[in-house]
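The values are calculated or read from the model by the stated rules, or taken from the named source; none is laboratory data. Nothing here was measured: the structure is a model prediction, and the numbers come from that model. Reconstructed Cβ throughout: ideal geometry from the backbone, glycine too, with neighbour counts over all protein chains shown.
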């Protein structure tokens with residue numbers, strides 16, 4: 001999804017958007033598709049994420065459309081005060097692109113993991129929070145963010161995410177169908193774990209368990225009415241996310257279902273309320289924490305039985 005974000009930024013700039021791309025000493029080759037054609041619109045702030053965010057705020061105040069690109073822990077956690085005061089509070093149209101959501105930087109340890117970012121982002125007044133699940137959603141998310149008059153946080157994984165959509169979503173704010181079943185078991189996935197959930201759904205289909213799978217890229221503002229319609233006849237609703245079970249998609253879904261009078265069962269699949277104390281590849285860590293494809297399939301089957 002990283003490459004898609006950079007290519008889309010370049011396409012928007014060529015199309016007339018006064019887009020300025022900022023990074024904090026990250027992703028040089030990945031950023032070449034924008035930096036090479038638009039060197040005057042590219043700023044490398046160095047290892048100074050807080051400065052980068054404040055510079056983006058200044059650019060936005062002059063009418064430009066800044067995109068800040070860095071790893072989630074450094075873009076959002078290290079520079080949090082600047083994000084909160086310089087961008088979110090004055091509602092400036094700055095797009096914060098955080099790469100490496102969840103356990104994407106597995107070998108680097110917990111300092112590089114981002115397991116609580118969605119919860120924090122959801123708590124910031126007026127901040128749109130988008131977590132695309134594949135490259136097609138990533139492009140749609142960025143294009144949508146560029147149409148808003150306030151700040152946006154876009155959380156992506158890294159690269160090599162498979163394309164799951166055959167066509168560009170008409171509205172990134174709504175749940176997007178990946179697999180349709182009988183409507184009795186409805187599963188919502190947040191972000192780049194979407195392909196793993198789709199794999200789990202295929203396994204369940206082979207085992208005679210039919211489920212509906214939706215990507216839910218827009219966690220704020222939450223698409224309450226659409227979710228209520230999709231779950232109206234469901235016996236079981238499940239959320240899956242590579243994020244803490246505290247404050248993320250599962251929490252937002254419970255809030256929506258409680259207000260709708262939903263009376264079926266509910267399951268929340270995500271990371272435990274703890275920091276990772278081991279190292280490994282993202283795939284290994286998912287299995288370690290029970291959010292690999294086989295684990296998700298087994299959990300959903302257990303909940304549906």
Kindly provide the set of residues from region 262-289 that are free of Cβ contacts under 8 Å to residues at least 12 places away in the same chain and either outside the structural domain of residue 187 (by TED's automatic domain parsing) or not in a helix (DSSP H, G or I) (or both), ordered by number.
-> 263, 274, 278
Mind listing just one residue for me: the one in region 6-30 that is modelled with pLDDT under 95 and assigned to a helix (DSSP H, G or I) and, of those, nearest to the chain's Cα centre (by Cα)?
-> 30
Surrounded by fewer than 18 Cβ atoms within 10 Å (Cβ to Cβ) and under 25 Å from residue 149 (Cβ atoms): does that describe residue 52?
-> no
Condition met for residue 154 (touching a strand residue (DSSP E or B) at 6+ places or on another chain (Cβ under 6 Å), without any contact (Cβ under 8 Å) to a residue 60 or more places away in the chain and either in a helix (DSSP H, G or I) or surrounded by 20 or more Cβ atoms within 10 Å (Cβ to Cβ) (or both)) | no
Verdict on residue 68 being closer than 30 Å to residue 281 by Cα and assigned to a helix (DSSP H, G or I) | no
Just a yes or no: is a residue in region 213-230 under 14 Å from residue 302 (Cα atoms) and either in contact with a strand residue (DSSP E or B) (Cβ under 7 Å, 6 or more places away or on another chain) or outside the structural domain of residue 262 (by TED's automatic domain parsing) (or both)?
-> no
Matching residues, region 89-103, being surrounded by fewer than 22 Cβ atoms within 10 Å (Cβ to Cβ) and touching a residue at least 40 places away in the same chain (Cβ under 8 Å) = 91, 92, 93
Being in a loop (DSSP other than H, G, I, E, B), in contact with a helix residue (DSSP H, G or I) (Cβ under 6 Å, 6 or more places away or on another chain) and closer than 26 Å to residue 161 by Cα, is that true of even one residue in region 76-89?
-> no
Enumeration of residues in region 236-261 that are in contact (Cβ under 8 Å) with a residue 60 or more places away in the chain and either touching a strand residue (DSSP E or B) at 6+ places or on another chain (Cβ under 9 Å) or not assigned by TED's automatic domain parsing to the domain that holds residue 185 (or both) | 236, 238, 241, 242, 243, 244, 246, 248, 249, 251, 252, 253
Leading residue by the ranking (nearest to residue 189 (Cα to Cα)) among those in region 235-261 that are modelled with pLDDT of 95 or more and assigned to a loop (DSSP other than H, G, I, E, B) | 248
Only one of (1) modelled with pLDDT of 95 or more; (2) farther than 22 Å from residue 104 by Cβ; (3) touching a helix residue (DSSP H, G or I) at 6+ places or on another chain (Cβ under 8 Å) fails for residue 223. Which number is that?
-> (3)
Just one listed residue, out of 107, 112, is more than 17 Å from the chain's Cα centre (by Cα), outside the structural domain of residue 275 (by TED's automatic domain parsing) and within 19 Å of residue 282 (Cβ to Cβ), and it is 107
Just give me the residues in region 96-119 being outside any loop (DSSP other than H, G, I, E, B) and more than 22 Å from residue 146 (Cα to Cα), in sequence order.
-> 102, 106, 107, 108, 110, 111, 112, 114, 119
Please work out if residue 37 is in the same structural domain as residue 130 (by TED's automatic domain parsing), surrounded by fewer than 22 Cβ atoms within 10 Å (Cβ to Cβ), touching a helix residue (DSSP H, G or I) at 6+ places or on another chain (Cβ under 8 Å) and at pLDDT 95 or above.
-> yes
